[in-house]
Amino acid sequence: MKKKTIVSEIYIFENLSELSQEEQELLHKASKAREDAYAPYSNFKVGAAVLLDNDEIVIGSNQENASFPSGLCAERVAVFHAGASFPGVPIKTVAIVAAAVDSSSAKPAAPCGNCRQAIYEYESKQEKPISILMMGSDGRVFKCKSMASLLPIAFNNDFLG
Ligand code: THU
C-alpha cells in the first residue's frame, strides 16, 4: 500500500486591488453579469466572466427554472457560451462573483461540482491550466491557478479509452 498526498493551493486576496488590472476587470465583468442573473427561486445570484486566449470575454449568469433541475449555474452558462461562440479557443481565466441578493458579507463561493467538471473538460482538452477567481460580497478574492487544483483525481476522456 502507498499513500499519495494531493495538495490544493488557494490564494487569498484581502481586496481587489491586490490583483492584476486584467483580473480586476474580469471580476468587474462577472459582477455586472451577476446583475442579470435569473434567480427568483434561490435569490442567490452568480455572475461569471471567461477570458479567452484571443482576449475575448464571454459572460454568463445563473438561470433558474420553476422545474429546479432545469436551471443552470453561471459558470456553465459562461463556459458553454464560450465553447459555442469561440470553439477551440483556450480559456485563460474564469471569474465568478456569487452572493445572495441581500448579502454584503458573503465569502467567495467555490464553483459547484458539476461546474468544476465542466470547466475541467476544457482544461484537460487545452492542456493549459485555467485560473479560477472567486469573489463574494465581503471584498475578498480567492484564486486557484488551475481547475485541477479544485478538482483533484478528476474524470476525463482518458478513461473512455
Ligand atoms: N449556482 C451557480 O450559479 N454556480 C455555482 O457554482 C453554485 C450555484 C447557482 C445555481 C442556483 O441558481 C443558485 O446558485 C443556488 O444554488
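Does residue 71 meet the test of being within 8 Å of the ligand (Cβ to nearest atom), buried (at least 16 other Cβ atoms within 10 Å of the Cβ) and either farther than 14 Å from residue 134 by Cα or of a type in the set (Val, Ile, Thr) (or both)?
Spelling it out, residue 71 is indeed within 8 Å of the ligand (Cβ to nearest atom), buried (at least 16 other Cβ atoms within 10 Å of the Cβ) and either farther than 14 Å from residue 134 by Cα or of a type in the set (Val, Ile, Thr) (or both).
For residues in the range 75-106 being under 19 Å from residue 16 (Cβ atoms), surrounded by 16 or more Cβ atoms within 10 Å (Cβ to Cβ) and within 13 Å of the ligand (Cβ to nearest atom), which is modelled with the lowest pLDDT?
106
Taking the residues in the range 38-56 that are surrounded by fewer than 20 Cβ atoms within 10 Å (Cβ to Cβ) and within 23 Å of residue 130 (Cα to Cα) as candidates, determine which candidate is farthest from the chain's Cα centre (by Cα).
If we take residues in the range 38-56 being surrounded by fewer than 20 Cβ atoms within 10 Å (Cβ to Cβ) and within 23 Å of residue 130 (Cα to Cα), then 54 is farthest from the chain's Cα centre (by Cα).
Filter the range 107-161 down to the residues that are touching a helix residue (DSSP H, G or I) at 6+ places or on another chain (Cβ under 6 Å) and either surrounded by fewer than 16 Cβ atoms within 10 Å (Cβ to Cβ) or small (Gly, Ala, Ser) (or both) and list them by number.
Answer for the range 107-161, where residues must be touching a helix residue (DSSP H, G or I) at 6+ places or on another chain (Cβ under 6 Å) and either surrounded by fewer than 16 Cβ atoms within 10 Å (Cβ to Cβ) or small (Gly, Ala, Ser) (or both): 118, 154, 156.
Of the residues that make up the range 118-132, is at least one over 14 Å from residue 51 (Cα atoms) and among the β-branched types (Val, Ile, Thr)?
No, the range 118-132 has no match at all.
I'd like to check something: does the range 107-118 contain any residue that is within 15 Å of the ligand (Cβ to nearest atom) and either assigned to a strand (DSSP E or B) or touching a His at 6+ places or on another chain (Cβ under 9 Å) (or both)?
Checking the range 107-118: not a single residue is within 15 Å of the ligand (Cβ to nearest atom) and either assigned to a strand (DSSP E or B) or touching a His at 6+ places or on another chain (Cβ under 9 Å) (or both).
What is the number of the single condition among (1) touching a Leu at 6+ places or on another chain (Cβ under 6 Å); (2) part of a loop (DSSP other than H, G, I, E, B) that residue 88 does not meet?
The number of the failed condition is (1).
Just to confirm my filter: which strands (runs of 3 or more DSSP E) fall fully inside the range 1-66 and include at least 2 residues that are in contact (Cβ under 8 Å) with a residue 40 or more places away in the chain and within 15 Å of residue 96 (Cβ to Cβ)?
11-13, 44-52
Mind checking whether some residue in the range 124-142 is in a helix (DSSP H, G or I), more than 16 Å from the ligand (Cβ to nearest atom), closer than 25 Å to residue 156 by Cα and touching a strand residue (DSSP E or B) at 6+ places or on another chain (Cβ under 9 Å)?
Within the range 124-142 (the criterion being in a helix (DSSP H, G or I), more than 16 Å from the ligand (Cβ to nearest atom), closer than 25 Å to residue 156 by Cα and touching a strand residue (DSSP E or B) at 6+ places or on another chain (Cβ under 9 Å)), the answer is yes, since at least one residue qualifies.
Hey, among the residues in the range 11-37 that are more than 14 Å from the chain's Cα centre (by Cα) and among the hydrophobic types (A, V, I, L, M, F, W, C), which one's nearest to residue 82 (Cα to Cα)?
Within the range 11-37, the match that is nearest to residue 82 (Cα to Cα) is 37.
What do you reckon, is residue 61 polar (S, T, N, Q), surrounded by 16 or more Cβ atoms within 10 Å (Cβ to Cβ) and at pLDDT 95 or above?
Answer is yes for this residue.
The values are calculated or read from the model by the stated rules, or taken from the named source; none is laboratory data. This is a predicted model, so every value here is computed, not measured. As a convention, Cβ positions derive from the backbone with ideal geometry for all residues, glycine included, and neighbour counts pool all protein chains shown.
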